[in-house]
Amino acid sequence: MTERTEGGESRTNEGEQAIVTGGTRGIGEAIVRSLAAQGMSVVMVGRSDTALREAADRVRSRVQGAELRLERADLSLVGDVRALADRLAETTSPSVVINNAAVTADIRARTEEGNQLTLATNHLAPYVLMRTLAEAATGRPARFVVVGASPSVLRRFPVDLDDLHAQGARVLSRFPSLRPFAAYARTKNMNTMFVYSLARRLVDTGITVNGAHPGIIARTGLSRDARGLEKVLTTMVQLNPFRKMPEQGADNPVWVATDPGLDGVNGRFFVDRKDVVTPDHTLSPERCEALWERSAELVGMAP
Ligand SMILES: NC(=O)c1ccc[n+]([C@@H]2O[C@H](COP(=O)([O-])OP(=O)(O)OC[C@H]3O[C@@H](n4cnc5c(N)ncnc54)[C@H](OP(=O)(O)O)[C@@H]3O)[C@@H](O)[C@H]2O)c1
């Protein structure tokens with residue numbers, strides 16, 4: 001994978017189109033930069049026009065000639081995601097779609113549509129976006145990548161299929177300040193289970209979907225509202241002399257999305273460019289299908 005950076009090198013994916021959610025900061029912005037540097041034209045999805053413009057300016061200042069299209073959508077709202085997905089299905093033909101946007105929100109926070117905010121942003125948004133794009137696809141090969149999280153950390157946070165909105169506060173954690181992280185971790189397991197369910201439906205379509213952990217990355221906005229114990233843990237990551245930066249976080253998802261050696265690889269999960277096994281509770285096809293069906297109900301799509 002040769003990138004065109006400030007120095008200017010060859011562009012390996014010239015003319016290809018990519019869609020990246022949450023491209024306005026952190027790992028997502030680094031992913032946009034990396035794909036643009038490979039010559040891809042990138043659709044950046046964000047929730048604020050100002051944040052999108054500022055992020056695009058930063059990308060263009062580092063990647064000469066970066067081709068960017070800015071799409072505003074609040075990914076916590078199913079209505080917004082459906083409109084975005086329909087727009088993108090009509091006007092783009094992406095060879096790469098990376099779902100990267102996520103939040104760690106208060107477990108009591110609900111969207112105006114009634115969904116718990118973390119669930120809506122982290123799981124329902126990629127569910128609607130990728131299902132819609134896959135169903136509208138015309139047979140052209142494409143790679144979908146869902147940015148997940150560390151399978152070893154997520155082992156302790158199985159999805160409760162009877163409590164997708166994470167309202168069982170005490171079960172999430174004894175420590176109230178850790179509950180937002182526990183709810184977040186469940187949604188990252190939902191990401192993995194969604195990858196497996198979607199992958200089964202994509203066999204022989206030319207589209208593949210895989211999960212990718214970016215690593216534990218400092219200087220991002222993910223834990224900006226952390227407090228108590230979670231704040232302490234986040235501060236330790238920020239102060240670690242060996243901490244990784246967003247550029248390093250972009251490496252694995254971008255590799256999964258573009259490495260020619262992964263042509264046809266479908267329904268896998270990667271950490272540090274290695275195929276890994278995710279927790280047992282993410283692997284059961286019955287549990288994955290139950291999540292698929294309950295998600296369909298929540299967003300009003302056919303199962
Ligand atoms: N950082 C880590 O150590 C780490 C570890 C494991 C996995 N990850 C995963 O890596 C991905 C990126 O995380 P990050 O650390 O780079 O976090 P981040 O800096 O907070 O970036 C998240 C992005 O998502 C966007 N976003 C959030 N809610 C949105 C909404 N409702 N509509 C549209 N966009 C929305 C944010 O936009 P705004 O700028 O508007 O907030 C931002 O661009 C996530 O999937 C996360 O789970 C991160």
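Collect the residues in the stretch 85-110 that are farther than 22 Å from ILE27 by Cβ and in a strand (DSSP E or B), keeping them in residue-number order. Within the stretch 85-110, ARG110 is the sole residue that qualifies.
Residues of the stretch 240-273 being over 14 Å from PRO214 (Cβ atoms) and charged (D, E, K, R), which ones? The answer is ASP259, ASP263, ARG268. Just one of (1) over 30 Å from ALA136 (Cα atoms); (2) within 14 Å of the ligand (Cβ to nearest atom); (3) surrounded by 15 or more Cβ atoms within 10 Å (Cβ to Cβ) fails for PRO214. It is (1).
When ASP259 is tested against (1) buried (at least 18 other Cβ atoms within 10 Å of the Cβ); (2) over 30 Å from GLY114 (Cβ atoms), only condition (1) is not met. Screening the stretch 166-280 for helices (runs of 4 or more DSSP H) wholly inside it with 1 or more residues that are of a type in the set (Lys, Arg) and within 14 Å of the chain's Cα centre (by Cα) returns the ranges 179-202.
Go through the residues of the stretch 26-36 one by one and say whether even a single one is within 13 Å of the ligand (Cβ to nearest atom), at positive phi, in contact (Cβ under 8 Å) with a residue 24 or more places away in the chain and surrounded by 17 or more Cβ atoms within 10 Å (Cβ to Cβ).
Within the stretch 26-36, one or more residues are within 13 Å of the ligand (Cβ to nearest atom), at positive phi, in contact (Cβ under 8 Å) with a residue 24 or more places away in the chain and surrounded by 17 or more Cβ atoms within 10 Å (Cβ to Cβ).
A quick yes/no check of all residues on (1) among the aliphatic types (A, V, I, L, M); (2) touching a residue at least 12 places away in the same chain (Cβ under 8 Å); (3) within 9 Å of the ligand (Cβ to nearest atom):
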site	(1), (2), (3)
THR91	no, no, no
VAL96	yes, yes, no
ASN99	no, yes, yes
THR104	no, yes, yes
GLU113	no, yes, no
THR121	no, yes, yes
LEU124	yes, yes, no
VAL128	yes, yes, no
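A quick yes/no check of all residues on (1) of a type in the set (Lys, Arg); (2) within 14 Å of the ligand (Cβ to nearest atom); (3) touching a residue at least 12 places away in the same chain (Cβ under 8 Å); (4) under 22 Å from PRO253 (Cβ atoms):
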residue	(1), (2), (3), (4)
ALA137	no, no, yes, yes
VAL146	no, yes, yes, yes
PHE175	no, no, yes, no
ASN191	no, yes, yes, yes
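Taking the stretch 10-77 as the region of interest, the strands (runs of 3 or more DSSP E) fully inside it that hold 2 or more residues being among the acidic types (Asp, Glu) are 67-72. Residues in the stretch 52-70 that are crowded, with 17+ Cβ neighbours inside 10 Å and either among the hydroxyl-bearing types (Ser, Thr, Tyr) or near the ligand (Cβ under 10 Å from one of its atoms) (or both) were compared, and the one that is nearest to ILE31 (Cα to Cα) is ALA55. Considering only residues that are surrounded by fewer than 19 Cβ atoms within 10 Å (Cβ to Cβ), closer than 14 Å to ASN100 by Cα and touching a Lys or Arg at 6+ places or on another chain (Cβ under 7 Å), which ones fall in the stretch 221-250? If the condition is that a residue be surrounded by fewer than 19 Cβ atoms within 10 Å (Cβ to Cβ), closer than 14 Å to ASN100 by Cα and touching a Lys or Arg at 6+ places or on another chain (Cβ under 7 Å), then GLY221 is the only one that fits.
Throughout, read-outs are computed from the coordinates displayed, never taken from laboratory work. Please read all numbers here as calculations on a predicted model, not as lab measurements. Because the Cβ atoms are built from the backbone with ideal geometry, glycine has one as well, and the counts that use them run over all protein chains shown.
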